[in-house]
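Before any comments, here is the structure.
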Amino acid sequence: MADKIVEGRAPVSQKPHTVESKENGDIGGLIEIEINGRPYSVPFGITILEACKRNNIHIPTLCYHEDLCLAGACRVCVVEIEGIRTLQAACAYPITGKIKVWTTSERVRKARRHILDLLLSEHYGECYSCVRNNNCELQTLAKEYGVDFYRFGHIKEKRYEVDRSSYAIVRDMDKCVLCKRCVRTCIDLQEVGVLEATRRGYATLISTFMDKPMLDVICINCGQCINRCPTGALRAKDPSDDIWRAIDDPTKHVVIQTAPSIRAAIGEEFGLPPGNSMTGQMVTALRMIGFDRVFDTNFAADLTIMEEGTELLLRLKRKLLFGDETVKLPQFTSCSPGWIKFIEHFYPEYLEYLSTCKSPQQMFGAVIKTFYAQEMGLDPSNIITVAVMPCTAKKFECNRPEMNSSGFKDIDYGLTTRELAQMIKEAGIYLPELPKSHFDEPFGDASGAGLIFGATGGVMEAALRTVYEIVTGRPVPFENLAITPCRGMDGVRQASVVLNDVKDEWKFLEGIELKFMIAHGTANAKKVMEALIRGELEGYHFVEIMACPGGCIGGGGQPIPTSPEIRKKRAEAIYKEDAELPIRKSHENPHIKYIYEKFLVDGPCGHISHKLLHTHYTKRGKYIV
Amino acid sequence: MIFPDKNVLVNEVDTLVRKYGNGRESLLPILQDIQRKFGFISDFAMQEVAHQLNIHPVEVYGVVTFYSFLSTEPKGKYVIRLCKTISCELAGKDAVANTLERELNLKFGETSMDRKFTLEYCHCIGMCDQGPAMLINESVYTKLTPSKVIEIIESLK
């Protein structure tokens, strides 16, 4: 079925692609060119930008992004080519002849400087009051090119109202430089289509449908646009002031949970290279900030696996043993709130395929305000639950009206990795130098299965480790529990395991090939849904979908910038930590066993779990009123 | 101009998609036909077109706002577009513009209360040798003078 999946919408010529070097032949065969007077041998067909990158020649870029199709909109990367009258955009010029390129000639430097001056003349805002101060591509370029005055003037008045209507995303069009990265992200990468360039010429404006506020349009809050915005035009809604207030209030018991992918990325905010796991240091920092309890969302991820795995087995039982045709298979995961909103809007008639499990964040909130409050003798109304997530959609999710099964708001505030790093810095802490410490009891330990939720394919791998063992009594037949078909960064992946020698109570599953599929990025989710509609997912049992490319490690709340390379490193950090943990399977986590003994006494998918840990979905539809 | 009923729009878009096809290249002809028939492209119409062409509503909105002759707001029965480019300007556009404003009791960019007239400026319509020129819906009027304008408006009233 993979080959039948239709390709994305961007024309092939604009798609990001890599040209492999070859000995001879047309595309990929080597060609001699000259850059800045020195000879280089580069593959035929690659762009000037790519050729320069491979040879460590720096060309500034602004609208170019590795994840996105080409735009050639900003012109910052212009270079001079001998014999061509005008300057050419290096990002969009494929090398098809023996050209001579100058990347830093006087003409090029002057043009770039003028382009920057023009961009700055329309860019309103003070750098110190900007969330992207010191991590802004426009600011970096201005410094690189020595901008010390505004040649073409500078806008003095605010022209646009800041759009704060969305739960997750704040838009300030005064800072927009019209690079269209957000447009390409939302349309090509995520297939949601919130933003597009509207109007014409000087009046061009990136806007939503009918210029409506972000809350009123169909946005899944994934925040991928924020991660790719070169300036501060798009940012996440920051609740840290409210959280500081709660911390400073002695009557409040402030509990924080940290998602699996935070530890793999937060170091980047403190200048470390991607792929450094900071688990212990982060826990210490959170205690120093003043959180009363620091919990690991991985525990809730384990809980999710128990519930979601059981739900899958129950669906299989009802369908295969009792022949109940109303049971929907494959079961889709429900951990990613961006994906949930995506399916609610675009495929509302397929909501029954979704697992009814809440996401780990919400499960943990419900458990904290019931079981934990009870164990500690606390009044749940005095507990403030904060969730550090790699995700902006979690900010929307915790505000869903149905997420209050404990009688209180399950999660009070959703915080992103970037905002947490900001809070840590504000507290005067340099994270990488802190001593390590361990999460608090009674949810102190989590399994490696919970940890790998942070990468695409992780939920599937974690679920298989548990489901396979429940059914057969043996661990999954993969070396060191690393279910490699689940891993990797391909957009849509599929694999299967055969269930042999099953336990007596699962006899109906004997010999069944458990087929599963993994997709990340909602453009890929769309392909999977279209395949489902065409009936091509017949025989599949379980589908994992994450709204963000790379899964949570590439989430909209993660440190900026992002690229395929960075996401790969973060995923490696997570898998490495998983391999080192003593407990690798959710059902072997002692705290999970404890909570099912003490609190969720009727077991996974039992009555209490259904009340607290499961949810229902809303058919939203894709029409905007 | 009455606001078209949703079902009417759905049927209309359906017909147009069958006529022009459901590729992205059919977007403009479909929008032009809707504009011609209803005088504007409502937000529901844009969403319906997006749905049927399998693109996003905001992309349709981007196209509609790009072109001056497509409109998201209802316009009058007669849309009067006076060329504001340099040849017509030199040929006496201002006098024509003043007459139009006075006769219609409208400012440029406005639509009359009875939705009969909309008055706006447009860029060059290629009648530079016969200026000042204007368009009323899809007909061209050239070599305009104030008295000629009064005559034309009277005939439409």
Residue A:152: loosely packed, with under 14 Cβ neighbours inside 10 Å and over 22 Å from the mean Cα position of the chain (by Cα), yes or no? yes
Going through (1) within 20 Å of residue A:480 (Cβ to Cβ); (2) of a type outside the set (Val, Ile, Thr); (3) within 14 Å of chain B (Cβ to nearest Cβ) one by one, residue A:622 fails only at (1)
So, residue A:144, is that one surrounded by fewer than 22 Cβ atoms within 10 Å (Cβ to Cβ), touching a residue at least 60 places away in the same chain (Cβ under 8 Å) and within 14 Å of chain B (Cβ to nearest Cβ) or not? no
Within the range A:170-185, can you find the residues that are part of a loop (DSSP other than H, G, I, E, B) and over 14 Å from residue A:72 (Cβ atoms)? A:172, A:176, A:177
When (1) surrounded by fewer than 18 Cβ atoms within 10 Å (Cβ to Cβ); (2) of a type outside the set (D, E, K, R); (3) modelled with pLDDT under 95 are applied to residue A:123, the one that fails is (1)
Across (1) buried (at least 17 other Cβ atoms within 10 Å of the Cβ); (2) farther than 21 Å from residue A:544 by Cβ, residue A:479 clears everything bar (1)
Within the range A:215-228, track down each residue that is more than 11 Å from residue A:392 (Cα to Cα) and either within 12 Å of chain B (Cβ to nearest Cβ) or β-branched (Val, Ile, Thr) (or both). A:216, A:217, A:218, A:219
Just wondering, is there one or more residues in the range A:209-222 that are farther than 29 Å from residue A:457 by Cβ, touching a residue at least 12 places away in the same chain (Cβ under 8 Å) and surrounded by 24 or more Cβ atoms within 10 Å (Cβ to Cβ)? yes
Unmet criterion (only one of (1) touching a Pro at 6+ places or on another chain (Cβ under 9 Å); (2) crowded, with 19+ Cβ neighbours inside 10 Å) for residue A:169: (1)
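Taking the stated definitions as given, is residue A:375 assigned to a helix (DSSP H, G or I), of a type in the set (Asp, Glu) and modelled with pLDDT under 95? Let's see the steps before the verdict.
On the way: assigned to a helix (DSSP H, G or I): yes; of a type in the set (Asp, Glu): yes; modelled with pLDDT under 95: yes.
So residue A:375 fits the description; yes.
Residues in the range B:17-60 that are in a loop (DSSP other than H, G, I, E, B) and closer than 25 Å to residue A:189 by Cβ: how many?
Taking the range B:17-60 first, the residues in a loop (DSSP other than H, G, I, E, B) are B:21-23, B:39-42, B:54-56.
Applying the additional criterion that residues be closer than 25 Å to residue A:189 by Cβ yields B:22-23, B:54-56.
Qualifying residue count for the region: 5.
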What's the number of the only condition in (1) buried (at least 16 other Cβ atoms within 10 Å of the Cβ); (2) in a loop (DSSP other than H, G, I, E, B) that residue A:421 fails to meet? (2)
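Hey, could you check the range A:567-619 for residues that are part of a loop (DSSP other than H, G, I, E, B) and loosely packed, with under 15 Cβ neighbours inside 10 Å and say which is nearest to the other protein chains (Cβ to nearest Cβ)?
So in the range A:567-619, the residues part of a loop (DSSP other than H, G, I, E, B) come out as A:581-585, A:589, A:599-606, A:615-619.
Then keep just the ones that are loosely packed, with under 15 Cβ neighbours inside 10 Å; that gives A:582, A:601-603, A:616, A:618-619.
Values: A:582: 48, A:601: 48, A:602: 45, A:603: 44, A:616: 26, A:618: 19, A:619: 16 Å.
My answer is A:619.
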Please give the strands (runs of 3 or more DSSP E) falling wholly within the range A:1-111 in which 3 or more residues are modelled with pLDDT under 95. A:30-35, A:38-43
Does the range A:237-260 contain at least one residue that is among the aromatic types (Phe, Trp, Tyr), more than 30 Å from residue A:564 (Cα to Cα), away from every other protein chain (no Cβ under 14 Å) and not in a loop (DSSP other than H, G, I, E, B)? yes
Do any residues in the range B:53-64 that are within 16 Å of residue A:342 (Cα to Cα) have Cβ atoms under 7 Å from those of residues that are in a helix (DSSP H, G or I) and of a type in the set (S, T, N, Q), where the two are at least six apart or on different chains, and which pairs are they? B:57/B:47
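Tell me yes or no: at least one residue of the range B:134-141 is hydroxyl-bearing (Ser, Thr, Tyr) and part of a strand (DSSP E or B).
The initial filter retains those residues of the range B:134-141 that are hydroxyl-bearing (Ser, Thr, Tyr), namely B:139, B:141.
From the residues that got through so far, the ones that are part of a strand (DSSP E or B) too are B:139, B:141.
Yes, the range B:134-141 contains at least one residue that is hydroxyl-bearing (Ser, Thr, Tyr) and part of a strand (DSSP E or B).
Residue check: is residue B:41 in the same structural domain as residue B:13 (by TED's automatic domain parsing), under 16 Å from the mean Cα position of the chain (by Cα) and either within 19 Å of residue A:210 (Cα to Cα) or aliphatic (A, V, I, L, M) (or both)?
yes
Can you name the residue in the range B:45-54 that is crowded, with 19+ Cβ neighbours inside 10 Å and either closer than 16 Å to residue A:210 by Cβ or of a type in the set (Ser, Thr, Tyr) (or both) and, of all such residues, is nearest to the other protein chains (Cβ to nearest Cβ)?
To start, the set of residues in the range B:45-54 that are crowded, with 19+ Cβ neighbours inside 10 Å comprises B:45-50, B:53.
When the remaining residues are screened for being either closer than 16 Å to residue A:210 by Cβ or of a type in the set (Ser, Thr, Tyr) (or both), the result is B:45-50.
Values: B:45: 12, B:46: 8, B:47: 6, B:48: 9, B:49: 12, B:50: 8 Å.
Per the stated criteria, the residue is B:47.
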When you check residue A:534 against the structure, is it assigned by TED's automatic domain parsing to the domain that holds residue A:476 and crowded, with 19+ Cβ neighbours inside 10 Å, yes or no? no
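From the list A:451, A:481, A:464, which one is over 23 Å from residue A:359 (Cβ atoms), assigned by TED's automatic domain parsing to the domain that holds residue A:538 and either touching a Ser or Thr at 6+ places or on another chain (Cβ under 9 Å) or of a type in the set (A, V, I, L, M, F, W, C) (or both)?
Values: A:451 fails: over 23 Å from residue A:359 (Cβ atoms); A:464 fails: over 23 Å from residue A:359 (Cβ atoms).
A:481 is the lone residue from the list that is over 23 Å from residue A:359 (Cβ atoms), assigned by TED's automatic domain parsing to the domain that holds residue A:538 and either touching a Ser or Thr at 6+ places or on another chain (Cβ under 9 Å) or of a type in the set (A, V, I, L, M, F, W, C) (or both).
Would you call residue A:195 within 14 Å of another protein chain (Cβ to nearest Cβ) and crowded, with 24+ Cβ neighbours inside 10 Å? Lay out the reasoning, then the answer.
Values: within 14 Å of another protein chain (Cβ to nearest Cβ): yes; crowded, with 24+ Cβ neighbours inside 10 Å: yes.
The answer is yes for residue A:195.
Which residue is farthest from the other protein chains (Cβ to nearest Cβ), if the candidates are limited to the range B:61-109 and must be part of a helix (DSSP H, G or I) and polar (S, T, N, Q)?
Step one: filter the range B:61-109 for residues part of a helix (DSSP H, G or I), giving B:61-66, B:86-90, B:93-104.
Among the residues that remain, those that are also polar (S, T, N, Q) are: B:65, B:87, B:98-99.
Values: B:65: 4, B:87: 21, B:98: 26, B:99: 29 Å.
The selected residue is B:99.
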Determine which single condition residue A:368 fails, assuming it passes every other condition in (1) among the aliphatic types (A, V, I, L, M); (2) more than 21 Å from the chain's Cα centre (by Cα); (3) surrounded by fewer than 24 Cβ atoms within 10 Å (Cβ to Cβ). (3)
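Residue-wise test of (1) free of Cβ contacts under 8 Å to residues at least 12 places away in the same chain; (2) farther than 22 Å from residue B:118 by Cα; (3) of a type in the set (Ser, Thr, Tyr).
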{"site": "B:10", "(1), (2), (3)": "no, yes, no"}
{"site": "B:14", "(1), (2), (3)": "no, yes, no"}
{"site": "B:18", "(1), (2), (3)": "yes, yes, no"}
{"site": "B:26", "(1), (2), (3)": "no, yes, yes"}
{"site": "B:29", "(1), (2), (3)": "no, yes, no"}
{"site": "B:32", "(1), (2), (3)": "no, no, no"}
{"site": "B:41", "(1), (2), (3)": "no, no, no"}
What's the number of the only condition in (1) within 14 Å of chain B (Cβ to nearest Cβ); (2) without any contact (Cβ under 8 Å) to a residue 40 or more places away in the chain; (3) farther than 30 Å from residue A:552 by Cβ; (4) in contact with an Asp or Glu (Cβ under 8 Å, 6 or more places away or on another chain) that residue A:202 fails to meet? (4)
Extreme residue, farthest from the chain's Cα centre (by Cα), among residues of the range A:159-196 that are among the small types (Gly, Ala, Ser) and at pLDDT 95 or above: A:165
Condition set outside any helix (DSSP H, G or I) and of a type in the set (Phe, Trp, Tyr), scope the range A:478-525, selection nearest to residue A:463 (Cα to Cα): answer is A:516
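The values are calculated or read from the model by the stated rules, or taken from the named source; none is laboratory data. Note that the structure is predicted; figures quoted are calculated from it, not measured. Positions of Cβ are generated from backbone atoms using ideal geometry, with glycine treated the same way; all protein chains shown enter the neighbour counts.
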